[in-house]
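First the structure, in the form of structure tokens, and then the observations on it.
No lab work stands behind these numbers, since they all come straight from the coordinates. Computed from a predicted model, the values in this text were never measured in an experiment. Virtual Cβ from ideal backbone geometry, glycine too; neighbours counted across all protein chains shown.
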Amino acid sequence: MLSVRSWSLLLIGVAVSFNARTVSAERTPEELVQQLGDAKFVNRQLASEELTRRGLAALEAVRNGTESSDGEIRYRSKSVLRAIRHLERERLINAFIAGLEVDAAEELPGWKDFQRLAGESEQDRSLYVQILESEWAFLDAVYQSDRTLASSLLSNRCQTLKAMQNRKPVTIGNLAAVLLVASREDVDLTNQTSLISLLYSNSDLDRAMRIGTYRVGLRNLLGAFIGKPTIDRTLVQRLNFSLRYNVPEGAVPARIVLADRLGMPHDRQYSILVLAKLGEEIDEKLISGMLDDSGLVASHHRINNKQITTQVRDIALATLIHKSGEDFKDYGMANVSLNSMSVLNQATVGFTNDEAREEAIAKWQRRQDD
């Protein structure tokens, strides 16, 4: 049984708590945001709870609080902002679907980037809804966090999706969301191997890119990702996607690679193929510039029991011959075959020795001079 003293202390505590809640409830959102920096923990906590309860009515004040010079206000405002947006998620999505008044650029994470990159047709908006329903928390974290965290958030999310895909299918919404984030200028692709693995292993993406309802929006998102002007470890895979789905944005990094002779021989090989298939007439000059590139692409394979090697300059020569309509046999490459996806079957291109290679290149150059 409680003593008189204990009862007194309990009543005082209840009165203090009730009074604090009353004061919090009576304050404006701007005053509550300032209370987030109060010296007393209980007052900070009550302000957080009240702002969250008020929801969208407090959104502007809370968003301003994320820019406060007070570190505690800034930290708590970000936390409250995420809580409000999460609680309002379904209302915002439903309002967006219904075409009601929604400040999508501010309230829906990533919409401004999606609209710019993918489009805003009915099918595009439907794809964006799939993204929100699949990856709201991920997108909200990316778009509400410091820009320097976007790369690590993307990498972590892709690793999680990769790990869970045997238990739960990775959806088009999941993939479109990570592509949207990967396309951002502030995202470093260097360590995004899990993203590449997700894209390569998903048969639904392949089907959706070819015949699905969302193929235009997906193609635009993939194009923004492929066309990033960065030379990194994802480059060969991005160029491969460009060839597979006829995405012309692959020409952007391909031109950079050939103009400055960047990357590994395989980077330069696929850059040549992308420009041969999806580039413009002026890109033939870049391809011709590779006729002295002896970077080794493949070795120790055989054609008609003869051991051959494939160098970057062989790929360049073969694509130029193909585009000109001339006969490969005239240049000592009788076994070259074509491929509808990658222009050439690279394994059929090459020479048994450098003498034959240099003679073929010299012959091509003489014909261009005539």
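Before moving on, here are some points about what is shown:
- Given 15 as the ceiling on other Cβ atoms within 10 Å, longest exposed-site-free region of the chain for GluC sites (Glu not before Pro) in DSSP loops: 186-279
- Within a Gaussian network of the chain (alpha carbon springs, distance under 10 Å), most fluctuating of Ile272, Ile211, Ile287: Ile211
- The C-alpha atoms of the chain define a longest principal axis, and helix 235-245 lies at about 80 degrees to it.
- Given charges at beta-carbon only (K, R positive; D, E negative), |dipole| of segment 51-194 in Debye: 580
- Karplus-derived HN-Hα couplings along segment 332-346 (A = 6.51, B = -1.76, C = 1.60, θ = phi - 60°), whole Hz, x at Gly and Pro: x, 10, 5, 9, 5, 10, 9, 9, 5, 8, 10, 6, 10, 7, 4
- Calculated SAXS-style log₁₀ I(q)/I(0) at q = 0.13, 0.14, 0.17 Å⁻¹ - segment 296-369, Debye, Cα scatterers: -0.33, -0.38, -0.57
- Amide H contacts of Asn339: Leu344, Asn345, each under 5 Å away and 5 or more positions distant or on a separate chain (H built 1.01 Å from N in the peptide plane; Pro and chain starts excluded).
- When P(r) over Cα pairs in 20 Å bins from 0, in percent is calculated for this entry, the matching label among [x] 24, 39, 23, 10, 3, 0; [y] 20, 43, 27, 9, 1; [z] 27, 53, 19, 1 is [x].
- Loop-exposed trypsin sites (Lys or Arg not before Pro) per DSSP, neighbour cap 10 Cβ within 10 angstrom, longest uninterrupted part of the chain: 168-370
- The Cα-based radius of gyration of segment 320-360, divided by its Kirkwood radius, gives an Rg/Rh of 0.96.
- Size-normalised alpha-carbon gyration radius of segment 20-87, reference 2.2 N^0.38 Å: 0.94
- Loop-resident chymotrypsin sites (Phe, Trp or Tyr not before Pro) (DSSP state other than H, G, I, E or B) in segment 137-214 with no more than 11 further Cβ atoms inside 10 Å of their Cβ are absent.
- Principal axes of segment 101-182: Cα extent on each, largest first, Å: 38, 29, 19
- Long pairs among Lys162/Lys277; Lys228/Lys329; Lys323/Lys363; Lys112/Lys285; Lys78/Lys228, criterion Cα-Cα beyond 28 Å: Lys162/Lys277; Lys228/Lys329; Lys112/Lys285; Lys78/Lys228
- Reciprocal mean inverse distance between Cα atoms of segment 24-139 - Kirkwood radius, Å: 15.1
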